[in-house]
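K.L.:
Take this structure, written in structure tokens, and hold onto it; I'll ask about it next.
The values are calculated or read from the model by the stated rules, or taken from the named source; none is laboratory data. Everything numeric in this text was worked out from a predicted model, so none of it was measured. Note that we place each Cβ from the backbone using ideal geometry, even for glycine, and neighbour counts take in every protein chain shown. Please note that ligands, DNA and RNA were not included when accessible areas were found on the heavy atoms of the full protein model with its side chains. Shrake-Rupley method; radii C 1.70, N 1.55, O 1.52, S 1.80 Å.
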Amino acid sequence: MLMFPLSFALVAAAWEIYKWIGPVDGGSVFGVNVLPRTSDLAMPHVWDMFSRLTEPEVRGNPDSVLHVVVIATWYSFRVALLAFVVGTALGVALAVMMARFRAAERALMPYLVVSQTVPIIVLGPLILSLLAYASRDLATETWIAAVILGVFLAFFPVALGTLRGLKSAQATSLELMDSYAAGWWTTLRKLRFPAAVPFIAPSLRVAGASAVVGVIVSEISLGVKGGVGRKIFAYGQEASSDPAKLYTAVFGAAALGLVMSIIVVAIDRRMMRNRPQEMA
């Protein structure tokens with residue numbers, strides 16, 4: 001638990017050190033502009049970011065920036081959690097189907113791989129159009145599109161990890177199950193799934209991070225009201241006059257990723273607790 005505050009302190013120290021010694025107008029290496037500017041508009045001090053959290057979001061509004069960002073982060077967390085759960089279930093179901101039917105694996109795997117090369121910014125408007133075609137009411141529920149995009153990113157690592165794990169059962173163990181006349185589904189439940197746990201657990205970490213990224217990016221690109229991604233976009237438009245405000249929303253997105261990571265680690269430990277130490 002001490003690693004997070006320690007890493008945050010190191011990042012904050014590195015930020016302030018570079019702001020102190022870095023060029024105000026940025027710099028170039030071999031003619032390429034790679035060094036960021038250190039002016040207060042480009043890199044506000046860390047303490048300015050935190051002090052902005054306690055100030056009103058807009059003049060005349062009693063709600064502080066912290067209050068607004070926490071509500072937006074809670075909204076995005078629920079959407080990302082739903083995307084993670086649905087994406088995990090979809091990934092496991094696809095993996096089981098591909099493990100059961102070799103033809104399904106040969107037919108689906110190329111499309112699954114290609115699907116991950118499509119930018120989600122491109123998919124966002126397409127999904128909204130499909131929702132509008134299905135129902136005008138669905139077109140107004142932009143959070144549904146955010147969930148779909150989160151699922152789109154989350155299911156793939158789970159599907160690959162689970163499929164690899166289901167195929168990892170030892171041949172001698174499979175032969176033993178055959179000698180007991182165990183059916184495929186019994187073997188799946190008693191042997192293949194336990195053998196797949198070490199492969200599923202790491203894939204869930206990737207899926208959790210992917211769900212958060214998919215939801216936040218979709219909130220920015222689709223204009224999902226209420227989410228922290230939308231706050232990043234809105235505060236970014238004010239960055240020229242209030243740069244510290246933008247980073248308060250970034251803090252919210254970072255906290256969202258941290259909470260999701262804690263949940264996934266808890267699931268990981270729950271799945272691995274009954275396994276022998278040498279297998280875990």
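K.L.:
Using amide H atoms built in the peptide plane, which far-off residues or other-chain residues are under 5 Å from H45 H to H?
P.N.:
Close amide H contacts, sequence-distant or interchain: none at all.
K.L.:
Alpha carbon centre of region 12-38 versus region 90-106: separation in Å?
P.N.:
Using only Cα atoms to place each centre, the spacing works out to 49 Å.
K.L.:
Something else: Take the alpha-carbon positions of region 48-105, form their convex hull, and give its projected area averaged over all directions (one quarter of the hull surface) in nm².
P.N.:
Averaged projected area of region 48-105's Cα convex hull equals 5.9 nm².
K.L.:
While we're on this one: Using a Cα-Cα cut-off of under 28 Å, which lysines could be cross-linked to K167, ignoring same-chain neighbours fewer than 8 residues away?
P.N.:
K190
K.L.:
Continuing with the same structure: Who wins for biggest fluctuation among P44, P36, P125 in a Gaussian network model of the chain, springs between alpha carbons below 10 Å?
P.N.:
P36
K.L.:
What does the extension gain come out to for V29 and S64, with contour length at 0.36 nm per residue minus their alpha carbon separation?
P.N.:
Here the segment from V29 to S64 would lengthen by 8.5 nm.
K.L.:
Mean Kyte-Doolittle of at least 1.6 and a Cα length of 24 Å or more along the axis: which whole DSSP H helices of the chain meet both?
P.N.:
Answer set is 65-100, 142-166.
K.L.:
Debye sum, Cα scatterers, the chain, no solvent: what log₁₀ I/I(0) at q = 0.09, 0.11, 0.12 1/Å?
P.N.:
-0.58, -0.80, -0.91
K.L.:
May I have the convex hull volume per residue, in Å³, for the Cα set of region 34-193?
P.N.:
Taking the convex hull of the Cα positions in region 34-193, it is 231 Å³ per residue.
K.L.:
Calculate for the chain the 222 nm mean residue ellipticity that helices alone would give, adding -39,500 (n - 2.57) per DSSP H run of length 4 or more and normalising by residue count, nearest 500 deg cm²/dmol.
P.N.:
-24500 deg cm²/dmol
K.L.:
Compare the peptides 79-89, 192-202, 47-57 by average per-residue count of other Cβ atoms within 10 angstrom and give them in order, highest first.
P.N.:
79-89, 192-202, 47-57
K.L.:
If each of V85 and S115 carries a label point 7 Å out from its Cα toward its Cβ, how far apart are those two points in nm?
P.N.:
2.1
K.L.:
Right, another one. At a Cα cut-off below 25 Å, give the lysines reachable from K225, other chains included and same-chain residues fewer than 8 away excluded.
P.N.:
K245
K.L.:
Same structure again: Tell me, what % of the accessible area of the chain is carbon and sulfur with a 1.4 angstrom probe?
P.N.:
Taking all protein chains in place, the chain shows 67 percent carbon and sulfur surface.
K.L.:
Right, something else. Spin-label point model (7 Å from Cα, Cβ direction): what's the R78 to V265 distance in nm?
P.N.:
Going from the R78 label point to the V265 one covers 2.6 nm.
K.L.:
Let me ask something additional. Dividing the Cα radius of gyration by the Kirkwood radius, what Rg/Rh value follows for region 1-121?
P.N.:
Ratio value, two decimals: 1.17.
K.L.:
Roughly speaking, what is the stretch gain from S39 to K225, that is 0.36 nm per residue apart minus the C-alpha to C-alpha distance, in nm to one decimal?
P.N.:
Full extension from S39 to K225 adds 63.8 nm.
K.L.:
Using the basic label-point model (7 angstrom from Cα toward the beta carbon), what is the A255 to S241 distance in nanometres?
P.N.:
Simple spin-label model gives 2.6 nm for this pair.
K.L.:
Now for a different question. Output wanted: per-residue J couplings in Hz (rounded whole) for region 55-63, from phi through Karplus 6.51 cos²θ - 1.76 cosθ + 1.60, θ = phi - 60°, x for Gly and Pro.
P.N.:
8, x, 5, 10, 5, x, 10, x, 5
K.L.:
While we're looking at this one, here's another question. Multiply the residue separation of L6 and I21 by 0.36 nm, subtract the distance between their alpha-carbon atoms, and state the gained length in nm to one decimal.
P.N.:
3.1 nm
K.L.:
Find, to one decimal place in angstroms, the Kirkwood hydrodynamic radius of region 12-52, where the mean of 1/r is taken over every pair of different Cα atoms and then inverted.
P.N.:
Roughly 10.8 Å, rounded to one decimal.
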